[in-house]
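Below is one structure, written out as structure tokens, with a few remarks after it.
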Amino acid sequence: KLQMSGIPCEQRHLPIGDMAWLARCGDVEIMLGTICERKQVNDLASSLFGTRYAEQRLRLQHCGLPQLLLLVEGNTSTVHNCPGDTLE
């Protein structure tokens, strides 16, 4: 959707997170201070009851970037294995 809107973007594998913003000048890239982790609401609910969420959160907190975003996609009312209050 970004490309369709005329916003330059590219896909590549990131060692952590799902989205990052870069500044580019010639061949030099600088990662700006924000990283975003996307989660489907059902995946987030499942990971809360194991160690996966805590481990991932710890890795994000120690990645060195000052702003971390958790983008939760979906409707919390569709989750049946976790109370809605927990996800909000």
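Residue 4 satisfies every condition listed in (1) hydrophobic (A, V, I, L, M, F, W, C); (2) assigned to a helix (DSSP H, G or I); (3) within 15 Å of the chain's Cα centre (by Cα) except (3). Across region 20-47, the number of residues qualifying as within 12 Å of the chain's Cα centre (by Cα) and surrounded by 15 or more Cβ atoms within 10 Å (Cβ to Cβ) comes to 6.
Taken together, the values in this text are just the output of simple stated rules run on the coordinates, not laboratory data. Quantities reported herein were computed from a predicted structural model and do not represent experimental measurements. Cβ atoms come from the backbone with ideal geometry, glycine included; neighbour counts cover every protein chain shown.
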